[in-house]
Amino acid sequence: MVHVLVTLTPNPHASEAAENYKKRAVAIRDEYGAEVVLRMHTKERLLGSFEEESIRILKFPSVEHVRGWLTDPRYLEVLPFRDQAYRKVTITVLED
């Protein structure tokens, strides 16, 4: 198993693009064995300049599954919606 940190900074003016992205991207992601471990939204910043508003920790069977998801041709088709919906997206593989 491998954990993945996803951070998102939404574009508040692109809710329709966000819905289109989520509807299609989540289904593709889940085909690669993803499980949502944690889904949180930023409430208050106490120190520093972390601009992301939404944080996800996902669990995948392997790094190859993560790479498969991110390079799947169907996922690549929805990237324009993601790019409209979010000002910033990071996807990071974590290790113990």
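The values are calculated or read from the model by the stated rules, or taken from the named source; none is laboratory data. Given the structure is predicted, the values throughout are model-derived calculations rather than measurements. Glycine also receives a Cβ, built like all others from the backbone with ideal geometry; neighbour counts cover every protein chain displayed. Surface accessibility is based on the protein's heavy atoms, side chains included, excluding ligands, DNA and RNA. Shrake-Rupley method; radii C 1.70, N 1.55, O 1.52, S 1.80 Å.
Here are some notes:
- Listed values for the range 3-20 are Karplus-derived 3J(HN,Hα) couplings in whole Hz (6.51 cos²θ - 1.76 cosθ + 1.60, θ = phi - 60°), namely 9, 10, 9, 10, 10, 9, 10, x, 8, x, 9, 9, 5, 5, 5, 4, 5, 4, and x replaces Gly and Pro.
- Sites matching trypsin sites (Lys or Arg not before Pro) across the range 35-96 that sit in DSSP coil, with at most 16 neighbouring C-beta atoms within 10 Å: Lys43, Arg45
- Summarising the amide proton neighbourhood of Tyr86: residues at separation of 5 or more, or on other chains, whose placed amide H is nearer than 5 Å comprise Asn11.
- Per-residue HN-Hα couplings for the range 21-30 [Karplus 6.51, -1.76, 1.60; θ = phi - 60°; Hz; x = Gly/Pro]: 5, 4, 4, 8, 5, 5, 4, 5, 4, 5
- Kirkwood analysis of the chain, using all unique Cα-Cα pairs, places the hydrodynamic radius at 14.0 Å.
- The range 6-60 - Debye-derived log10 I(q)/I(0), Cα point model, q = 0.14, 0.23, 0.25 Å⁻¹: -0.47, -1.03, -1.11
- Residue of Glu16, Glu44, Glu35 that the Gaussian network model of the chain assigns the largest fluctuation, springs spanning Cα pairs under 10 Å: Glu44
- Taking the range 1-79 and dividing mean pair separation by its residue count, relative contact order in percent (alpha carbons under 8 Å, at least six apart): 46 percent
- Under a Gaussian network description of the chain, with springs only between Cα atoms under 10 Å, the residue in Phe81, Phe60, Phe50 that fluctuates furthest is Phe50.
- In order along the range 49-54, the Karplus-derived 3J(HN,Hα) couplings, from 6.51 cos²θ - 1.76 cosθ + 1.60 at θ = phi - 60°, round to 10, 7, 8, 4, 9, 9 Hz, and Gly and Pro are given as x.
- Rolling a 1.4 Å probe over the protein heavy atoms gives the range 35-96 an accessible area of 73 Å² per residue.
- Percent carbon-and-sulfur accessible area, the chain, ignoring ligands, DNA and RNA, probe 1.4 Å: 54 percent
- MRE, 222 nm, helices only [DSSP H, n ≥ 4, -39500 (n - 2.57), over the chain, to nearest 500]: -13000 deg cm²/dmol
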